[in-house]
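The values are calculated or read from the model by the stated rules, or taken from the named source; none is laboratory data. Since the structure is predicted, the reported quantities are computational estimates derived from the model, not experimental observations. Cβ atoms come from the backbone with ideal geometry, glycine included; neighbour counts cover every protein chain shown. Ligands, DNA and RNA are excluded from the accessible area calculation, which covers all protein heavy atoms including side chains. Shrake-Rupley method; radii C 1.70, N 1.55, O 1.52, S 1.80 Å.
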Amino acid sequence: MWQTIKRAALIVSLSMIVALSISTTANAQGTSCANLPGEMCKSGTLPDGATYLIEIPANWNRTLFLYSHGYVVPGSPNPATDVGDPATGTFLLLNGYALAGTSYAHTGWAIQEALVDQIAVLDLFNATFGTPTQTIAWGHSLGGIITAGLIQNNPTRFTAAQPMCGVLAGGVATWNTALDAEFAFKTLLAPTSPLQLVNINIANANANLTLAEEILAGAQGSPQGRARLALASALGDTPGWFTTNSPEPAPTDFTSQEANQFLWDQNVDFPFVFAFRAELELRAGGNVSWNTDVDYGLQLLKSADFLEVWALYQQAGLSLLGDIETLNRTARIRANPSSVDYLKQNIIFNGQINIPVLTMHTTGDGLVVDENETAYRTIVDLRGNGQLLRQTFIARAGHCAFSPAETVAAVGTLLTRVETGHWPSIEANLLNGEAAALGPRFNLVAVGSTIEPAAPAFVDTFPGLYPRPYDSLTALCEPHGNGGIGCGLGFGFGLLQAH
C-alpha cells in the first residue's frame with residue numbers, strides 16, 4: 001500500500017502542501033490542525049491538565065501515528081503536538097493517516113507524565129473514534145526516549161515505532177555522561193569556582209549557567225583552555241560539527257572541530273547540564289548522577305574525539321596524562337539512590353521489543369549524540385531482538401535536523417515493514433532516492449531562523465560506543481548508582497566482568 005501511496009498521491013500531496021504554505025515552516029511542530037477538506041479535528045484537556053490534539057482525515061485508513069514531542073524548557077509555552085513538522089503531517093493526513101499527541105502535563109524532563117498522557121490520549125482516541133488497525137509510536141529527541149519507553153511499557157498497544165534523534169541510551173546514561181563532561185570542565189578549568197555540577201538550587205540555576213558560560217568563554221581564548229574544553233567534550237563524544245547544512249570539518253581539522261564543540265556548549269548543551277539539570281533533580285528528589293567508579297583515561301580512549309584531544313594538548317604544550325591523573329585523583333560525586341531509581345523508571349531500556357522499530361539520527365548531533373543508537377542496539381541485540389530493529393543515519397550537523405523528505409522516506413520504510421512483514425533495504429542510496437523523489441519543497445531544513453534547501457543525506461554508517469551506558473543489564477551490578485564491581489566501564493565490558 002505504501003508504494004501505491006507514493007506513486008498515486010505524491011502530486012496531490014505536493015500541490016496541497018504548496019497551497020497551504022506548509023513548506024515555509026519545515027521545522028515547526030504540528031500544534032494546530034491542518035484544516036484539510038473533510039478533516040476531523042479534536043482537541044481538549046486530559047484529567048491531569050495535559051492538552052491533546054487529534055486529526056483524522058476524511059479518507060482515514062485506520063492507521064494512527066501517536067507523536068511524542070521533545071523537551072520543553074520550563075516556563076515555555078507547551079501546546080499539544082501531533083507531528084514534528086507540518087509538511088510531514090500534511091503528507092500523512094492526505095494519504096489517510098490519523099495523527100495524535102499531547103502536551104504532557106508538565107514541561108522539563110516530563111517522561112513520567114508523558115508515559116501516562118500518551119496512553120491516555122490513545123485510550124481517548126479508541127473510545128471516541130474506534131481502535132485503529134495499526135498504531136505507530138514516533139517522536140523526536142525527548143520524544144524519542146518516550147517513544148521507546150511507550151513500546152517497552154505497553155508492548156500490546158503499538159504496531160511499530162520510529163524514535164527520531166532519541167535519547168536511546170536512557171536517562172541514567174545520559175545524565176552520567178553529562179556529568180563526566182561537567183566534571184572535567186570544572187576540575188581542569190575552574191576547580192575553586194562555586195560552579196555547581198549537581199544538587200543545583202533551582203532558584204539559582206540561571207546564575208549557575210551564567211557562571212559556566214563565563215568560564216567557557218574565558219577558556220576558549222587560549223590554546224590551553226581550548227585543549228581542556230576538547231577533553232571535556234570528548235568525554236561526552238560531542239561532535240566537531242555544529243551548523244546545519246555546513247560542510248563537515250576534515251578529520252584532521254582539529255581547530256574547527258573544537259570551535260564547533262565550543263558552539264555546542266555555548267548554544268545548546270550548557271543550559272541542559274548547568275541549569276535544566278535542576279528541574280530533573282527537583283523531580284527525582286536529589287542528584288541522579290555519579291562518577292565514583294570512572295577511569296577518565298579509559299573513557300577518553302573510547303571517545304571518537306581522542307585524536308583531536310591529543311593533537312590540541314600537543315599544540316598547547318600541556319600534559320594530557322597529567323590532566324587525566326588530576327581527574328582521576330579528584331574527589332568524586334555520589335548519587336542519591338532513590339533519585340537514581342526515579343531516573344531508571346523514567347527511563348532505562350531492557351531491549352525487550354516485540355514490534356518493528358526504525359530509528360533516525362543525524363551524525364552531527366551534539367545534544368543527543370548518535371552513539372545513543374549503539375547503546376540501544378546493544379541491549380536489543382543482547383535480548384535477541386535485533387531482527388526487529390533498523391537504524392538510519394543522516395550526514396548532517398544539528399539536533400533532529402531532518403528534512404520532511406527524509407522523515408517521509410523513513411516512515412515509508414517502516415510502513416513497508418509493517419505491511420509486508422519484511423524489512424526493505426535501508427541502504428543510503430535507496431533512501432536518498434526515495435527522499436529526492438518527493439521534490440524540493442520537501443527537501444528543506446531549518447538553519448537558525450531560516451529554511452534552506454538540503455539534498456537528502458542518508459549515509460551508511462555505524463556510530464562508536466556510547467561513553468557510559470546504563471541499561472537494565474548494567475543495573476544488575478549497579479542497581480542504585482555509585483559504582484559496582486564490573487560496572488566501571490559501562491555496559492558491554494562491565495557486563496562481561498559482572499556475569
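Quick test for you: out of Asp265, Asp295, Asp269, pick the one residue that is over 21 Å from Ser141 (Cα atoms) and acidic (Asp, Glu).
Of the residues listed, the single one that is over 21 Å from Ser141 (Cα atoms) and acidic (Asp, Glu) is Asp295.
Identify, by number, the condition in (1) open to solvent by less than 40 Å² (accessible area, probe 1.4 Å); (2) at positive phi that Ser289 doesn't meet.
Condition (2) is where Ser289 drops out.
Just a yes or no: is a residue in the range 200-210 closer than 18 Å to Arg334 by Cα and out of contact with any Ser or Thr (no Cβ under 6 Å at 6 or more places or on another chain)?
yes
Are any residues in the range 43-60 under 17 Å from Ala105 (Cα atoms) and open to solvent by less than 20 Å² (accessible area, probe 1.4 Å), and if so, which ones?
Leu46, Ala50, Tyr52, Leu53, Ile54
Which residue pairs have Cβ atoms closer than 6 Å, lie 6 or more positions apart in sequence or on different chains, and pair a first residue in the range 116-145 that is open to solvent by 10 Å² or more (accessible area, probe 1.4 Å) and aliphatic (A, V, I, L, M) with a second residue that is at pLDDT 95 or above and in a loop (DSSP other than H, G, I, E, B)?
The qualifying pairs are Ala120/Leu46.
Output the residues belonging to the range 389-401 that are open to solvent by less than 20 Å² (accessible area, probe 1.4 Å) and of a type in the set (A, V, I, L, M, F, W, C).
Selection gives Leu389, Phe393, Ile394, Ala397, Ala401.
Looking at the range 418-441, I want the residues that are modelled with pLDDT of 95 or more and have a partner that is crowded, with 16+ Cβ neighbours inside 10 Å and of a type in the set (Phe, Trp, Tyr) with Cβ atoms under 6 Å, at least 6 apart or on another chain. Which pairs are those?
Ala428/Phe458; Leu431/Phe458; Asn432/Phe458
Could we say that Trp264 is open to solvent by less than 50 Å² (accessible area, probe 1.4 Å), more than 28 Å from Cys477 (Cβ to Cβ) and modelled with pLDDT of 95 or more here?
The answer is yes for Trp264.
Looking only at helices (runs of 4 or more DSSP H) that fall completely inside the range 369-487, which ones have 1 or more residues that are under 19 Å from Gln352 (Cβ atoms) and in contact with a Gly (Cβ under 7 Å, 6 or more places away or on another chain)?
The helices (runs of 4 or more DSSP H) meeting that bar are 371-382.
Which of the residues that make up the range 194-232 are part of a loop (DSSP other than H, G, I, E, B) and either closer than 27 Å to Trp310 by Cβ or modelled with pLDDT under 95 (or both)?
Correct list: Leu195, Leu197, Gln220, Gly221, Ser222.
Output the residue which, of all residues in the range 307-337 that are of a type in the set (Asp, Glu) and touching a residue at least 60 places away in the same chain (Cβ under 8 Å), is surrounded by the most Cβ atoms within 10 Å (Cβ to Cβ).
Glu308
Would you check if Thr107 is at pLDDT below 95, open to solvent by 10 Å² or more (accessible area, probe 1.4 Å) and within 23 Å of the chain's Cα centre (by Cα)?
Here the answer is no, as Thr107 does not meet what is asked.
Looking only at residues that are among the β-branched types (Val, Ile, Thr) and in contact (Cβ under 8 Å) with a residue 24 or more places away in the chain in the range 146-161, which one is surrounded by the fewest Cβ atoms within 10 Å (Cβ to Cβ)?
Checked the range 146-161; the qualifying residue surrounded by the fewest Cβ atoms within 10 Å (Cβ to Cβ) is Thr159.
Just give me the residues in the range 61-99 being open to solvent by 20 Å² or more (accessible area, probe 1.4 Å) and farther than 18 Å from Ser43 by Cβ, in sequence order.
Within the range 61-99, Asn61, Arg62, Tyr71, Val73, Pro74, Gly75, Ser76, Leu94 meet the criteria.
For the range 233-259, which residues satisfy the criterion of being acidic (Asp, Glu), assigned to a loop (DSSP other than H, G, I, E, B) and more than 19 Å from Asn291 (Cβ to Cβ)?
Once the filter is applied, which keeps residues that are acidic (Asp, Glu), assigned to a loop (DSSP other than H, G, I, E, B) and more than 19 Å from Asn291 (Cβ to Cβ), the range 233-259 yields Glu248, Asp253.
Do we find that Leu179 is open to solvent by less than 10 Å² (accessible area, probe 1.4 Å), among the aliphatic types (A, V, I, L, M), closer than 20 Å to Leu280 by Cα and touching a helix residue (DSSP H, G or I) at 6+ places or on another chain (Cβ under 9 Å) in this structure?
Yes, satisfied.
Only residues that are of a type in the set (Val, Ile, Thr), within 15 Å of Gln391 (Cβ to Cβ), surrounded by 21 or more Cβ atoms within 10 Å (Cβ to Cβ) and under 14 Å from the mean Cα position of the chain (by Cα): list them for the range 338-373, please.
Thr359, Thr362, Val368, Val369
Mind checking whether some residue in the range 441-460 is open to solvent by less than 40 Å² (accessible area, probe 1.4 Å) and within 29 Å of Ile348 (Cα to Cα)?
Yes; the residues of the range 441-460 include at least one that is open to solvent by less than 40 Å² (accessible area, probe 1.4 Å) and within 29 Å of Ile348 (Cα to Cα).
Just checking, how many residues over the range 215-239 are open to solvent by less than 40 Å² (accessible area, probe 1.4 Å), of a type in the set (Gly, Ala, Ser) and farther than 21 Å from Val167 by Cβ?
Matching residues across the range 215-239 total 5.
What number of residues in the range 240-261 are open to solvent by 30 Å² or more (accessible area, probe 1.4 Å) and more than 25 Å from Pro469 (Cα to Cα)?
Selection size over the range 240-261: 13.
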